[in-house]
Structures are given as structure tokens and as C-alpha cells.
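Everything below concerns the one structure shown next.
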Ligand SMILES: NC(=O)c1ccc[n+]([C@@H]2O[C@H](COP(=O)([O-])OP(=O)(O)OC[C@H]3O[C@@H](n4cnc5c(N)ncnc54)[C@H](OP(=O)(O)O)[C@@H]3O)[C@@H](O)[C@H]2O)c1
């Protein structure tokens, strides 16, 4: 495809679904996609007020958005959510599988129920959402899927997160397989691997001085000497959803400030 035009493109607006967009990284991704001109479905599981607040913020800035409740680990809820989005915003062109939970757990010390729940939300949720939107993307010959993995999947040495790292590894495998299956139909699938990012997941419950101690420790392990902000991750996801990334699929992009402790004991 050659295009020597210097005029801005006038694309038809796209509809995006961001799972787990009521707060944290998902919220920042939703705002980034709105900036790119997308109509955005803001999925949440329990925090309806936060999701509605984000939708109001987008709408008052002139954007299109819809809050949609669904537990992504329940396939029937995912199907109902997709129908609701199609009705309210149109078919889903861009899917960002961001909803996730983290429970600590290592080989000799983990809760089976927590391991199962992480698998159901982070892995099965990713499958259910992709499965629900892929047929429409194939039909239209265009689609973008971005999965949120973690630098834990490739070996950062944050102790005590063995089971979480394993499920995020599964997300990487799914990303390659989605790319392989959907590529011939014009659908790309890529993964973003955030490093430690300031959200409820990482330190919501801790007090300010305990938080600062963790930020300082993690910052010291990264080349940029800081931890991530949700916007640091959202920019990379936005890039993968944009036309700039049209020829990229099956790729894993790390956004972790340049961690130096892979597969090391620090
Ligand atoms: N923060 C980090 O340092 C970091 C690092 C690497 C990777 N990640 C990954 O990045 C993604 C976002 O993390 P975050 O830190 O932004 O998390 P967070 O602040 O804990 O927010 C999690 C979001 O996921 C939603 N959610 C949880 N379970 C859900 C379910 N079953 N169905 C639908 N939505 C659900 C929550 O909705 P409610 O508000 O309604 O509960 C919330 O919007 C996750 O996949 C995480 O594993 C994060």
C-alpha cells in the first residue's frame, strides 16, 4: 500500500472495547483510544460508579463512550456485553484485554482458589472476549487485539508471583496464536508487558510511606529509575491500535522502564 499524501487520513471511526477500564491502566487506555477518535466501551466488573464517571468525562469532552458491566470470566456475560456494545456503539473493531487480577503465590505457598481465579479472569477472560469479537473482525477484514501480559511473564525477579507470572505467560502464548489464526483476515494481535505501574493492583492498600519504599526499590531496578504511570502503558497500547502498527502482529512490547533484574536474584 503506497500513500504519498501529506493530508490527514479521514478514517471511519472505530469502536474499541477495553476490559477492566474503570481504573488503573485500563482507564488510561480508554482515554488514549478516545484521543485517537475511537468510541470506547468501558468494561468493569464491580466499580460501576468509576466506570460511569469515566464515561461522563469522555462524553463531556465530545467523545463517545458506554459503560458495560461484565465479569470477563463468565462467557455468557461476555456475550451479553458484546451485544450491548454493538447496539450502543457499533461492532467492536479494537479489543484490549486488560482486565486482570494479581494474587501472590509461589510453588510451595499458593491458594488454589486464587490460582484458579487468576486463570479464569486473565486467561479465559481473554479467550472469551476475543472469541466473541473475532468473527465480526474477520467478516469486516480488519481488527486489532491487544493483550495485557506482564514483564513477570519473561522473568522479572519480583519474588512471590510465580503463579501470576505463569498465567501472564499463557497470555503471551495466546497472543501468538491469535495472531497466527487471525492474520490472514487482516486482524492483528499483540501483547504489551508492563512493568511495575502505579495502580490499585500494585499498592492500593498500602500506606504512603510503605508505597514509597516499594517505588524506591523497584525504581532502583530500572534503567529509567522510576516506576510506571498508567499513561506510560496506555501510549504503547494506543500505538499498537493505531495505523502506525499496521504491519505488526504477534509481537510482545515491554514497557517497564528498562528493568535490569531479569532471571536474577535481587
Ligand atoms: N499495575 C501493574 O504494575 C501491572 C504490571 C504488569 C501487568 N499489569 C496488568 O495490567 C492490567 C491492568 O492492571 P491494573 O494495575 O490497572 O489493575 P487494577 O488497578 O487492579 O484494575 C483492574 C481492573 O480490572 C477490572 N477487573 C478485575 N476483574 C475483572 C473481571 N473478572 N471482569 C471484568 N473486569 C475485571 C477491574 O474492574 P472493577 O474496578 O470493576 O473491579 C479494574 O477495572 C492487568 O491485566 C494486570 O495484570 C499490571
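Just wondering, is there one or more residues in region 35-53 that are without any contact (Cβ under 8 Å) to a residue 60 or more places away in the chain, more than 20 Å from the chain's Cα centre (by Cα) and more than 14 Å from the ligand (Cβ to nearest atom)? Scanning region 35-53 turns up no residue that is without any contact (Cβ under 8 Å) to a residue 60 or more places away in the chain, more than 20 Å from the chain's Cα centre (by Cα) and more than 14 Å from the ligand (Cβ to nearest atom).
Matching residues to (1) assigned to a loop (DSSP other than H, G, I, E, B); (2) within 15 Å of the ligand (Cβ to nearest atom); (3) touching a helix residue (DSSP H, G or I) at 6+ places or on another chain (Cβ under 7 Å):
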site: 169; (1), (2), (3): no, yes, yes
site: 192; (1), (2), (3): no, yes, yes
site: 225; (1), (2), (3): yes, no, yes
site: 232; (1), (2), (3): no, yes, no
site: 250; (1), (2), (3): yes, no, yes
site: 253; (1), (2), (3): no, yes, yes
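Within region 13-34, the set of residues being within 6 Å of the ligand (Cβ to nearest atom) and in a helix (DSSP H, G or I) comprises 24, 25, 26. No other residue among 81, 137, 118 is in a helix (DSSP H, G or I) and more than 17 Å from residue 18 (Cα to Cα) apart from 118. Of the residues making up region 62-75, not one is away from the ligand (no atom under 13 Å from the Cβ) and either over 16 Å from residue 14 (Cα atoms) or assigned to a helix (DSSP H, G or I) (or both). Inspection of region 89-110 finds no residue satisfying the criterion of being away from the ligand (no atom under 11 Å from the Cβ), over 21 Å from residue 194 (Cβ atoms) and assigned to a helix (DSSP H, G or I).
Checked against (1) in contact (Cβ under 8 Å) with a residue 24 or more places away in the chain; (2) over 14 Å from the mean Cα position of the chain (by Cα), residue 235 meets all criteria but (2).
Considering each residue of region 172-187, count those that are in contact with a helix residue (DSSP H, G or I) (Cβ under 7 Å, 6 or more places away or on another chain) and surrounded by fewer than 23 Cβ atoms within 10 Å (Cβ to Cβ), and give that number.
Of all residues in region 172-187, those in contact with a helix residue (DSSP H, G or I) (Cβ under 7 Å, 6 or more places away or on another chain) come to 172, 174, 178, 182, 185, 187.
Applying the additional criterion that residues be surrounded by fewer than 23 Cβ atoms within 10 Å (Cβ to Cβ) yields 172, 174, 182, 185.
Of the residues in that region, 4 qualify.
Return yes or no: is residue 50 modelled with pLDDT of 95 or more, touching a strand residue (DSSP E or B) at 6+ places or on another chain (Cβ under 8 Å) and assigned to a helix (DSSP H, G or I)? When the stated conditions are applied, residue 50 passes them.
The values are calculated or read from the model by the stated rules, or taken from the named source; none is laboratory data. Worth saying up front: this structure is predicted, and the values here are computed from it rather than measured. Methodologically, a virtual Cβ is constructed for each residue, glycine included, from the backbone with ideal geometry; neighbour enumeration extends over all protein chains shown.
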